[in-house]
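The values are calculated or read from the model by the stated rules, or taken from the named source; none is laboratory data. What you are looking at is a predicted structure, and each value in this text was computed from that prediction instead of being measured. As a convention, Cβ positions derive from the backbone with ideal geometry for all residues, glycine included, and neighbour counts pool all protein chains shown. Please note that ligands, DNA and RNA were not included when accessible areas were found on the heavy atoms of the full protein model with its side chains. Shrake-Rupley method; radii C 1.70, N 1.55, O 1.52, S 1.80 Å.
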Amino acid sequence: MQTMTIPRRFRGPPNSGNGGYVCGVLARQIAGAAEVTLRAPPPLETELDLVEVGTGLWELRQGTATIAVGRAVTLDLSRLERATYAEAVEAEKRTPVKPREHLLPMCFVCGPDRAPGDGLRLFAGPLARQHGSWAFAVPWTPDASLAAADGLVAPEFVWSALDCPTGYVSQYDPETGNFNLLPILLGRLSVRIDGRPRPGERCVVTSWKIGSEGRRLIAEAALFGEEENLLAVGRAIWIVVDRQVQLGKT
């Protein structure tokens with residue numbers, strides 16, 4: 001049986017792992033596209049078990065408690081939003097989540113209190129377009145510390161980069177242009193990686209909302225490399241929760 005530990009650097013809420021990162025680590029056990037469902041807040045600095053429970057089916061466990069479940073899937077998106085690096089830079093300036101209003105300012109992926117190189121600092125914002133696609137975008141230049149043994153960005157950080165940008169756009173109302181800053185947590189993330197960027201490569205993440213079902217907000221995302229080549233796609237389901245639940249206090 002394999003084990004893993006989530007370093008505090010990779011937190012989302014104050015005392016639990018960033019959802020995209022945790023999903024990505026579990027998904028490393030699964031060949032091809034994967035879907036990971038989070039069942040409980042992933043604890044930090046705690047030894048967790050990676051358990052294979054079937055063909056292409058894995059669980060992340062703390063003792064007898066299941067933290068996450070991952071399985072192999074086929075992931076094809078019917079929509080794909082693109083943006084140039086320059087467009088993404090301008091979109092980031094329009095991010096609707098201001099630093100003083102951010103609900104999880106120490107989040108590894110989107111926290112404004114994280115130093116460059118320590119966190120990803122992905123502050124997605126709406127693209128200035130007239131054709132009604134209502135997509136968000138953000139530039140991303142991966143830090144050297146995110147490299148895997150092969151020199152490319154490790155898969156779990158590709159998953160991370162597709163995480164919070166979907167959370168941002170999922171709270172955007174394309175009909176009114178309003179943004180509702182809600183306490184949300186990642187419930188499920190599905191990702192297909194076709195390629196991984198190099199550290200230092202100027203990448204773009206786009207994201208777009210595809211619907212909502214009660215407390216569930218659904219959005220998709222894509223990661224593009226420096227040559228505007230598609231590297232990965234993802235689909236996320238976010239759950240609106242009580243603020244105290246988001247902070248891990250209940």
For Phe179, the lone unmet condition from (1) surrounded by fewer than 17 Cβ atoms within 10 Å (Cβ to Cβ); (2) among the hydrophobic types (A, V, I, L, M, F, W, C); (3) touching a Gly at 6+ places or on another chain (Cβ under 6 Å) is (3)
Top-ranked residue in the range 212-241 [being among the small types (Gly, Ala, Ser) and either open to solvent by less than 10 Å² (accessible area, probe 1.4 Å) or without any contact (Cβ under 8 Å) to a residue 40 or more places away in the chain (or both); ranked as farthest from Trp140 (Cα to Cα)]: Gly214
Answer yes or no: is there a residue in the range 191-211 that is crowded, with 24+ Cβ neighbours inside 10 Å and of a type in the set (S, T, N, Q). yes
Of these, Arg28, Arg79, which one is open to solvent by 40 Å² or more (accessible area, probe 1.4 Å) and touching a helix residue (DSSP H, G or I) at 6+ places or on another chain (Cβ under 8 Å)? Arg28
Any idea which residue in the range 39-57 is nearest to Arg8 (Cα to Cα), counting only those that are open to solvent by 30 Å² or more (accessible area, probe 1.4 Å) and hydrophobic (A, V, I, L, M, F, W, C)? Ala40
Thr176 fails exactly one of (1) assigned to a loop (DSSP other than H, G, I, E, B); (2) touching a residue at least 40 places away in the same chain (Cβ under 8 Å); (3) of a type outside the set (A, V, I, L, M, F, W, C), namely (2)
When you scan the range 233-248, do you find a residue that is of a type in the set (Asp, Glu), more than 27 Å from Arg39 (Cα to Cα) and not in a strand (DSSP E or B), even just one? no
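Which is in contact with a Leu (Cβ under 6 Å, 6 or more places away or on another chain) and in a strand (DSSP E or B), of Val51, Val36?
The match here is Val36.
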State whether the residues of the range 154-162 include one that is on the phi < 0 side of the Ramachandran plot, open to solvent by 20 Å² or more (accessible area, probe 1.4 Å) and assigned to a loop (DSSP other than H, G, I, E, B). no
Answer yes or no: is there a residue in the range 70-84 that is free of Cβ contacts under 8 Å to residues at least 40 places away in the same chain and part of a strand (DSSP E or B). no
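Go through the range 91-145 and give me each residue that's of a type in the set (Gly, Ala, Ser), surrounded by 16 or more Cβ atoms within 10 Å (Cβ to Cβ) and more than 19 Å from Asn15 (Cα to Cα).
Within the range 91-145, Ala91, Ala124, Gly125, Ala135, Ala137 meet the criteria.
If we scan the range 12-21, do we find a residue that is open to solvent by 60 Å² or more (accessible area, probe 1.4 Å) and either at negative phi or in contact with a strand residue (DSSP E or B) (Cβ under 6 Å, 6 or more places away or on another chain) (or both)?
Yes, some residue in the range 12-21 is open to solvent by 60 Å² or more (accessible area, probe 1.4 Å) and either at negative phi or in contact with a strand residue (DSSP E or B) (Cβ under 6 Å, 6 or more places away or on another chain) (or both).
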